[in-house]
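Chemist: Quick one: structure below, then a few questions.
Just so it is clear, none of the values below were taken in a lab; they were calculated from the coordinates. Small disclaimer: the values here were computed from a predicted structure and weren't measured. Here the Cβ is made from the backbone with ideal geometry for all residues, glycine too, and neighbour counts use every protein chain on show.
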Amino acid sequence: MSQMDFLDLETVLSTFHQAANDALKEFSCLVEASCKMIDYSENATYLVEDAQGKKYILRISRPNYHKKEEIEAEIAWLNSLHEQSPIDVSLPMRADDGDYVHAHQYNDTIYYSTLFTFLEGNAPDENNEENLIHQFETLGKITALFHKHTIEQHDHYEDFQRMIWDYDTILGKSPKWARWQDGLGMTPARIALYEEASQVIQKKLEAFGKSKTRFGLIHADLRLANLLIYGDEIKVIDFDDCGFGWYLYDLATSVSFIEHMPYLEDLIASWIKGYSQVRTLSDEEIEMIPTFILMRRLQLISWVGSRDNETTRLLGENYTIQSDTLVKNYLAKNKIL
């Protein structure tokens, strides 16, 4: 854990605010801009508005989460997607010195800042079942476009410095976030149940393999909060977790926090329909979908238990308790619901 994990939330946010104010000084066009925090999760996100009313998004990255080179790789991918695909993404902005990423140091801790273009739209509504199912067809198509681009540019991205999302870094011995075993509401019986599922997941992933048609550069966090609905369009934001992982992991992240909802199977069917318009999924890949969804669910249990923000406080221990049924269903019939 980093030093900030031991600080109270008010102190943590105060330093993020200081970094945001210092970041704006890198842009002469934002001297008189307003800056308001709109989200705090892994990073702190601010809405910036200049004197003419033009909006931007400023991200202050969580300390010790990424190296500067990793953030620059994320930016390179965003620019490539903008130039070579029809996907609508938020683009990085160069500061007065020509750089995209700037370091701000406080008490021996470095915070990286990046400014992005502002995209209009609103996150999908998980309570509007009919709309969400329809939107997942579009999301499936967009996700396939991501993967098609990655496969076509495989050699170009092979040397990118980005994290790897595989069993070891998600549920295994080197978890990027935290150990699911330390999640909220864990008991010896629950740990034993989840460990059984985790071992099944590991074996299936080993058999599934990491060929370049199944494993490559992915967004890795396509949850509803990172999608913007604007008319019939879906725009994608927050590439902070992008890295190398299984393409089907992107589907699993799309149903983050709603894996237990009764319309899950409809979402998956709609997503497959959209995805198949661009890339074909084999029967083996479709059979693996529950494995990726449960792996993500267990990973999120670790995230909820190791972070202090509005989302984790809202989910709390109940998110773990709700997972019991999903784990039992997976072990009994390879289904989530």
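Chemist: List the lysines whose Cα sits under 23 Å from the Cα of K67, skipping any in the same chain fewer than 8 residues away.
Modeler: K25, K173, K176
Chemist: Could you grab the relative contact order for segment 216-337? Cα pairs under 8 Å, six or more apart, rounded to a whole percent.
Modeler: Working: 126 pairs, mean separation 29.1, N = 122.
Relative contact order of segment 216-337: 24 percent.
Chemist: Right, something else. For segment 3-117, take the convex hull of the Cα atoms, compute a quarter of its surface area, and give me that in nm², please. Spell out each step's value before the answer.
Modeler: On the way: hull surface 30.2 nm².
The orientation-averaged projected area of the Cα hull of segment 3-117 comes to 7.5 nm².
Chemist: For the pair K212/S28, report the inter-label distance in nm, with labels modelled 7 Å from Cα in the Cβ direction.
Modeler: Distance between the two pseudo-spin positions: 4.5 nm.
Chemist: Please give me, ordered by residue number, the GluC sites (Glu not before Pro) of segment 1-77 that lie in loop per DSSP and have at most 11 other Cβ atoms within 10 Å.
Modeler: Values: sites: E10, E26, E32, E42, E49, E69, E70, E72, E74; in loops: E26, E32, E42.
The qualifying sites are E32.
Chemist: Now for a different question. Round to a whole angstrom and tell me the spacing of the C-alpha centers of segment 222-237 and segment 51-99.
Modeler: What the calculation gives is 17 Å, centre to centre.
Chemist: Given the -39500 (n - 2.57) contribution per DSSP H run of 4+ residues, what per-residue ellipticity at 222 nm results for the chain, rounded to the nearest 500 deg cm²/dmol?
Modeler: Numbers: 11 runs with 153 residues, N = 337.
Rounded to the nearest 500, it is -14500 deg cm²/dmol.
Chemist: What ranking, highest mean first, results for peptides 121-131, 291-301 when packing means the other Cβ atoms within 10 Å averaged over each residue?
Modeler: On the way: 121-131: 12.8, 291-301: 25.2.
The peptides rank, most packed first, as 291-301, 121-131.
Chemist: Read phi for every residue in segment 299-304 and hand back ³J(HN,Hα) as whole Hz from Karplus 6.51 cos²θ - 1.76 cosθ + 1.60, θ = phi - 60°, with x for Gly and Pro.
Modeler: Result, ordered by residue: 5, 5, 4, 5, 5, 4 Hz.
Chemist: Right, next: Could you work out the relative contact order of the chain, using alpha carbon pairs under 8 angstrom and six or more residues apart, expressed as a whole percent? Mind showing how you got there, number by number?
Modeler: Working: 524 pairs, mean separation 62.5, N = 337.
Across the chain, relative contact order equals 19 percent.
Chemist: When all C-alpha to C-alpha distances in segment 128-240 are sorted into bins of 10 Å, what percent of pairs does each bin hold, rounded to whole numbers?
Modeler: Taking every Cα pair in segment 128-240, the percentages come to 11, 31, 33, 23, 3.
Chemist: In addition: Would you mind checking the pairs K210/K333; K55/K141; K36/K148; K68/K273 and listing those with alpha carbons more than 27 angstrom apart?
Modeler: Details: K210/K333 25 Å; K55/K141 29 Å; K36/K148 37 Å; K68/K273 38 Å.
The answer is K55/K141; K36/K148; K68/K273.
Chemist: Net charge near A192, counting Lys/Arg +1 and Asp/Glu -1 over other residues with Cβ under 14 Å of its Cβ? Don't skip to the end; give the middle numbers.
Modeler: On the way: positive: R190, K328; negative: E195, E196, D324.
Result for the neighbourhood of A192: -1.
Chemist: Can I ask one more? Could you order peptides 217-227, 316-326 by the average number of other Cβ atoms within 10 Å of their residues, highest first?
Modeler: Numbers: 217-227: 22.2, 316-326: 16.5.
Peptide ranking by packing, descending: 217-227, 316-326.
Chemist: I'd like to know how segment 224-337 sits against the 2.2 N^0.38 Å rule of thumb: what's its Cα Rg over that expected value? Intermediate values should be presented prior to the final figure.
Modeler: On the way: Rg = 14.8 Å, N = 114, 2.2 N^0.38 = 13.3 Å.
That ratio works out to 1.11.
Chemist: Could you estimate the translational diffusion coefficient of the chain from the Stokes-Einstein equation, with Rh from the Kirkwood formula over C-alpha pairs, at 37 °C and 0.692 mPa s, in whole µm²/s?
Modeler: Values: Rh = 20.8 Å.
Here the translational diffusion coefficient equals 158 µm²/s.
Chemist: Relative contact order for segment 33-176: what percent, with Cα pairs under 8 Å and sequence separation of 6 or more?
Modeler: Details: 162 pairs, mean separation 27.6, N = 144.
Computed value for segment 33-176: 19 percent relative contact order.
Chemist: Past the 16 angstrom mark, what percentage of all C-alpha to C-alpha distances in segment 265-332 do you count? Display every interim value, and only then the final one.
Modeler: Details: 1335 of 2278 pairs.
The calculated P(r) of segment 265-332 puts 59 percent of pairs beyond 16 Å.
Chemist: Using +1 on the beta carbon of Lys and Arg, -1 on that of Asp and Glu, and nothing else charged, what's the dipole of the chain about the Cα centre, debye to 20? Write down the numbers at each step before the final one.
Modeler: Working: 32 positive and 54 negative charges, 167 e Å.
Dipole of the chain, to the nearest 20 debye: 800 debye.
Chemist: Give the aspartates and glutamates reachable from K328 as a straight Cα distance under 13 Å; neighbours fewer than 8 places away on the same chain don't count.
Modeler: Straight-distance partners of K328: E195, E196.
Chemist: Another question, then. For a label point 7 angstrom out from the Cα of I110 toward its Cβ, which stretches of segment 62-104 have the backbone nitrogen within less than 15 Å?
Modeler: It comes to 62-73, 100-104, nothing else.
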